[in-house]
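A.B. asks: This structure is in structure tokens; I'll ask about it shortly.
The values are calculated or read from the model by the stated rules, or taken from the named source; none is laboratory data. Remember, it's a predicted structure, so these values are computed and weren't measured experimentally. Quick reminder, even Gly has a Cβ in these numbers, built from the backbone with ideal geometry, and neighbours come from all protein chains shown.
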Amino acid sequence: MSKAILKGLAGLVLLLVLAVAYLLYDVRARVPESTYPLAAPASTSPDPRPVLVFGASGQTGIELVKLLRARGDAVTAAVRASSDRTELEALGVDFVVADALDAESVTRAAASDDFRAIVSSLYCRDCQPSVDDVGNINVAEGAKAAGVPRMLMISTIGAGDSYDSANLISRYILRDVLPKKTAAENHLIASGQPYTIIRPGGLLTGPPTGRGYLSEDRNAFGFIRRADLARMLVAVLDDRNTISKIFAAADPEIKSPFGQDEAK
């Protein structure tokens, strides 16, 4: 093998090493300078009216419902007729049948009780049609039509004006999702429906750490366990000052999803 070929191969290997090093650096968390002073959630429900949850059977939805029910909140889960209700039934929730992609059924669900809030944790990267835009837009319209006092939407860092905050890997993986989440965010903001939008970074499994933060800094990026995100969602429900705000959500101690106990 000639020296020229060897030098060329060495150059390619160096470029590959540099590219991998950059991606590993790029995926690291960026902790904001300021965070929102979110108080811990109340120990008991401050409002007897139920909370309607879309996406309740998903991983984040289940964590949220667990916390709400643990402190005595009434919870109604919006589920499709074919959904598995086993885990939710064990938590003692009520149900209303609604398909997020069917605007009429969503509107009926939103008007089926005197809800104090609607939470949407809808997400499906590969679903067609997509609940990330169509589903969330339907929920926003249903909440507005029913006069629900507020809606919480779980989006993602990288949507809307936080696109530059997401790392290259996240932008690639979520390349089809980010425009849809952005469309849903924009629709909700313009709808006149009182809202709070929460944008977590990478979502991880595992027990809560209690270190999660919310920030209005659009440069924030990080990772957070679903259990911590759910705890902050409950606190946001208790805090009317979070209405009309968009927050990034992350854990400052989880610097990367690789090789750390927090990411297990």
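A.B. asks: Regarding segment 137-147, can at least one residue be identified that is surrounded by fewer than 18 Cβ atoms within 10 Å (Cβ to Cβ) and within 20 Å of the chain's Cα centre (by Cα)?
C.D. replies: The answer is no; no qualifying residue exists.
A.B. asks: Looking only at strands (runs of 3 or more DSSP E) that lie completely in segment 154-240, which have at least 3 residues being at pLDDT 95 or above and over 24 Å from residue 47 (Cα atoms)?
C.D. replies: The strands (runs of 3 or more DSSP E) meeting that bar number zero.
A.B. asks: Those residues that are buried (at least 20 other Cβ atoms within 10 Å of the Cβ), in contact with an Asp or Glu (Cβ under 7 Å, 6 or more places away or on another chain) and of a type in the set (A, V, I, L, M), I need them from segment 154-183; list them, please.
C.D. replies: Listed by number, the residues that qualify are 159, 177.
A.B. asks: Just give me the residues in segment 85-95 being outside any helix (DSSP H, G or I) and surrounded by fewer than 17 Cβ atoms within 10 Å (Cβ to Cβ), in sequence order. Reasoning before the result, please.
C.D. replies: Filtering segment 85-95 for residues outside any helix (DSSP H, G or I) gives 85, 91-95.
Those that are outside any helix (DSSP H, G or I) and surrounded by fewer than 17 Cβ atoms within 10 Å (Cβ to Cβ): 85, 91, 92, 94, 95.
A.B. asks: Please specify each residue of segment 246-264 satisfying the condition of being in a strand (DSSP E or B) and modelled with pLDDT under 50.
C.D. replies: Matches in segment 246-264: none.
A.B. asks: Here's something else I'd like to know. Return the residues of segment 101-130 that are over 18 Å from residue 147 (Cα atoms) and free of Cβ contacts under 8 Å to residues at least 60 places away in the same chain; say none if nothing qualifies.
C.D. replies: Keep residues of segment 101-130 that are over 18 Å from residue 147 (Cα atoms), which gives 101-102, 121-130.
Hits for segment 101-130 are 101, 102, 124, 125, 126, 127, 128, 129, 130.
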